[in-house]
Amino acid sequence: MQHDDLDAVLGVQAQCYPPEMNESREVLSQRLLACPDTAWVALDAQGQVGGYLVAYRSVWGKVTPLSHPFADAAQADVLYLHDLAIGQALRGQRVAQRLIQVARALAVAQGYRGLALVSVNDTVPFWQGHGLAIMPLDAAGQAALATYPGRAVYMTAQLDRPA
């Protein structure tokens, strides 16, 4: 993802989330500056951004509240998939699966314990299909989950570490 992609990313976000879950350009820009190597876009046949995944290095059990800044954790042990969105033009083309594969490969290559995320919009079955499971959280994690509208759950997947 590049800074020039942010307007298109905002457009995809608006297609995928209710307005109360849309994060501002300022927040997205900060995230891209903080973690440029873990933010990816997917392009449609015309070369336009049609999907994206924004992730960052975090620690097991930590949840970033909605619209809060994040930064790579010094002692990271998970790749936190903060936001995956696929616009109408790319749906049904396995784009989400490919973005998840890229993130998983990076996490394995860097020796992380696993992947983590907050599932929203009734996507638990989708994430379970990618090997993630619901994980209980402490009080701080529950408070962070409460910043997401609707049902939000923390999910994780253990990764095989390279030998």
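The values are calculated or read from the model by the stated rules, or taken from the named source; none is laboratory data. Since we're looking at a predicted model, the values are computed, not measured. Here the Cβ positions follow ideal geometry from the backbone for every residue, glycine too, while neighbour counts run over all protein chains shown. For accessibility, only protein heavy atoms count, side chains too; no ligands or nucleic acids. Shrake-Rupley method; radii C 1.70, N 1.55, O 1.52, S 1.80 Å.
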Diffusion constant of the stretch 73-126 at 4 °C, which comes from Stokes-Einstein with the Kirkwood Cα-pair radius and 1.567 mPa s, µm²/s: 104
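Just need the relative contact order of the chain here, percent rounded to a whole number, with Cα pairs under 8 Å and 6+ apart.
So the answer I get is 22 percent.
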What number, rounded to the nearest 500 deg cm²/dmol, is the helix-based mean residue ellipticity at 222 nm of the chain, given -39500 (n - 2.57) per DSSP H run of at least four residues and division by all its residues? -8500 deg cm²/dmol
Against the empirical 2.2 N^0.38 Å scaling, what ratio does the C-alpha Rg of the stretch 1-94 come to? 1.07
Taking trypsin sites (Lys or Arg not before Pro) in a DSSP loop with at most 15 other Cβ atoms within 10 angstrom as exposed, one finds the longest site-free stretch of the chain at 1-90
Interchain or sequence-distant (5+) residues whose placed amide H lies within less than 5 Å of the amide H of Trp60 are Asp77, Val78
Accessible solvent surface per residue of the chain, calculated while the other protein chains remain in place, 1.4 angstrom probe, Å²: 49
Rg to Rh ratio, the chain, alpha-carbon atoms and Kirkwood radius? 0.93
Residues with amide H under 5 Å of His82's amide H, sequence separation 5 or more or different chain, H placed in the peptide plane at 1.01 Å from N; which? Val54, Ala55, Tyr56
FRET efficiency for Val59 and Arg98, Cβ-Cβ distance as r, R0 = 30 Å, nearest 0.05? 0.70
For the stretch 40-119, which whole percent of the accessible surface, found with a 1.4 angstrom probe, sits on carbon and sulfur atoms? 52
Taking R0 as 45 Å, what FRET efficiency do you get between Ala133 and Arg25 from their Cβ-Cβ distance, rounded to the nearest 0.05? 0.85
Inter-centroid distance (Cα atoms) of the stretch 92-163 relative to the stretch 32-85, Å: 11
If you wrap a convex hull around the Cα atoms of the stretch 88-163, how much volume per residue is inside, in Å³? 113
Where labels lie 7 Å past Cα in the beta-carbon direction, separation of Ala143 and Asp44 in nm: 4.2
